[in-house]
Ligand code: CP
Ligand code: NVA
């Protein structure tokens, strides 16, 4: 059973083969209309359940379109509408869904929910974001970097802001894809120490530099994300803004990175908070390619899971 649960729990060679396949499939589509099927139909006759316990634009649409382009069918389910949200256990839900569908993608709160789903499902399970990680995003990010700048191994990737779920997967990616990682944010919002340990154990640099201007020096890629994630209490908003005000990615900060550095953001972005419009819409930004590549990367993830 090949679940896609996290970057650090998927083998390096598998991750590389998924990225390569994603690039090949993107090239093969060659700009054809979105609704037109791929020449290859590896998901023909397959049914995919997409479960969302949190809001989503990109993950929802990219998975749905991706399955259809590969010849499969989807059903999009919101957690609150399912018995899952009304007391049926995750394990029982996993056992039942496995009798109906060939693949399950779930976006949920607790990592434990994802892991229980994977343990009891007899079909592959894909992590579509938890409070802890967002591995599909990082597959798209690595793909996007390599499309623009070549191999990411040995490059310097800097995260500016809250050390959140997406940040943890970027750190896992450092260990698996061989890039150096720098976090720049205030101490209460430091990233998952286990993720940092994982990256360091793979022999890459994973460091914390409090001063953002110093952190981005020599950066090949600068990444920002929202200051308040979906799992954070809304009451945290004002405090977060006060903590993170000095960590906005703006043109002055990008000017301290390498001249050909890239800027990424998983989106949705809060313009003029964590990043200015001048950076989002400026010459370093590859955010729309990054969003598009969710589609291609996840198609390759699904093929890998199903072995098709
Ligand atoms: N980046 C991302 O996962 O976006 P959505 O929350 O819109 O799916
Ligand atoms: N860190 C953000 C990412 C959204 C795609 C969140 O979890 O809300």
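The values are calculated or read from the model by the stated rules, or taken from the named source; none is laboratory data. Because the structure is a prediction, the values reported are computed rather than measured. Cβ coordinates were reconstructed from backbone atoms using ideal geometry, including for glycine residues, and neighbour counts include every protein chain displayed.
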When both residues are 6+ apart or on different chains and their Cβ atoms are under 6 Å apart, which pairs have a first residue that lies in the range 276-305 and is within 14 Å of residue 15 (Cα to Cα), and a second that is within 12 Å of ligand 1 (Cβ to nearest atom) and modelled with pLDDT of 95 or more?
-> 297/139; 297/140; 298/62; 298/63; 298/136
Output the residues belonging to the range 216-240 that are assigned to a helix (DSSP H, G or I) and either within 16 Å of ligand 1 (Cβ to nearest atom) or closer than 11 Å to residue 161 by Cβ (or both).
-> 240
Out of the range 85-132, which residues are over 18 Å from residue 231 (Cα atoms) and assigned to a loop (DSSP other than H, G, I, E, B)?
-> 87, 88, 89, 101, 102, 121, 122, 123, 124
Residue in the range 152-162 that is in contact with a helix residue (DSSP H, G or I) (Cβ under 7 Å, 6 or more places away or on another chain) and in a helix (DSSP H, G or I) present = no
Could we say that residue 61 is within 20 Å of residue 119 (Cα to Cα) and free of Cβ contacts under 8 Å to residues at least 40 places away in the same chain here?
-> no
Single condition residue 149 does not satisfy, out of (1) touching a residue at least 40 places away in the same chain (Cβ under 8 Å); (2) in contact with a helix residue (DSSP H, G or I) (Cβ under 6 Å, 6 or more places away or on another chain); (3) more than 16 Å from ligand 1 (Cβ to nearest atom) | (2)
Quick one: which of 261, 229 is more than 16 Å from ligand 2 (Cβ to nearest atom), surrounded by 15 or more Cβ atoms within 10 Å (Cβ to Cβ) and either more than 30 Å from residue 2 (Cα to Cα) or touching a residue at least 40 places away in the same chain (Cβ under 8 Å) (or both)?
-> 261
Among the residues of the range 66-76, how many are under 15 Å from residue 128 (Cβ atoms) and either at pLDDT below 95 or surrounded by fewer than 17 Cβ atoms within 10 Å (Cβ to Cβ) (or both)?
-> 2
Filter the range 271-297 for residues that are in contact with a strand residue (DSSP E or B) (Cβ under 8 Å, 6 or more places away or on another chain) and part of a helix (DSSP H, G or I); the one that is surrounded by the fewest Cβ atoms within 10 Å (Cβ to Cβ) is 277
Residue 267 under 20 Å from the mean Cα position of the chain (by Cα) and within 16 Å of ligand 1 (Cβ to nearest atom) = yes
